[in-house]
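In what follows, a single structure is set out as structure tokens and then discussed.
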Amino acid sequence: MGRQGRRGLYRVRDERDPCRPAARLDRDRPRAIVTWTLAADGVQLYLDHPSRRKYRGKLPIGEVAVISKAVVGRPAGLPAAFHPVERLRFDRLTLTRYLASGIHRVPTLALRDARTGFGRNAVIVDGLASHLSR
């Protein structure tokens, strides 16, 4: 059943559907999501809490989720404290999650330049309202 989203659009969410990559992205900790630039708006619409695209600066995060075309290596510039904890394949896309035990400041450009198989990437941050206002 649909419901009115924060942008006034009706969205259908089926929490039981394990094949939707965005369904794996609802988390409650500061996180960066790296995805194709043209998919960033769709990911933001799907999330139930405030999120924002970031273009520069250092992000205080404890999780990184990378949506890529295929299984790719660890993003260059990601601190060693982040360890891969989950890798899910959805047809042509792969979702890889990296977690750290604490909060680390990670450069936005290091995340944006991660190899995902897409021409250009976007970085979305969510999870803590305090760092979204910066």
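The values are calculated or read from the model by the stated rules, or taken from the named source; none is laboratory data. Everything quoted here is computed from the prediction, not taken from an experiment. Cβ atoms come from the backbone with ideal geometry, glycine included; neighbour counts cover every protein chain shown.
On inspection, residue 123 qualifies as of a type in the set (A, V, I, L, M) and either out of contact with any Pro (no Cβ under 9 Å at 6 or more places or on another chain) or without any contact (Cβ under 8 Å) to a residue 12 or more places away in the chain (or both). Counting only strands (runs of 3 or more DSSP E) that sit completely within the range 1-106, those holding 3 or more residues that are touching a helix residue (DSSP H, G or I) at 6+ places or on another chain (Cβ under 9 Å), modelled with pLDDT of 75 or more and surrounded by 14 or more Cβ atoms within 10 Å (Cβ to Cβ) correspond to 31-36, 51-54, 58-68. For the range 64-96, a tally of residues being in contact with a Lys or Arg (Cβ under 9 Å, 6 or more places away or on another chain) and over 14 Å from residue 110 (Cα atoms) returns 16. Taken over the range 113-134, the criterion of being assigned to a loop (DSSP other than H, G, I, E, B), among the hydrophobic types (A, V, I, L, M, F, W, C) and either in contact with a strand residue (DSSP E or B) (Cβ under 6 Å, 6 or more places away or on another chain) or modelled with pLDDT of 90 or more (or both) is satisfied by 114, 118. Selection of the range 59-85 for residues being closer than 15 Å to residue 34 by Cα and free of Cβ contacts under 8 Å to residues at least 40 places away in the same chain yields 71, 74, 76, 77, 78, 82, 84.
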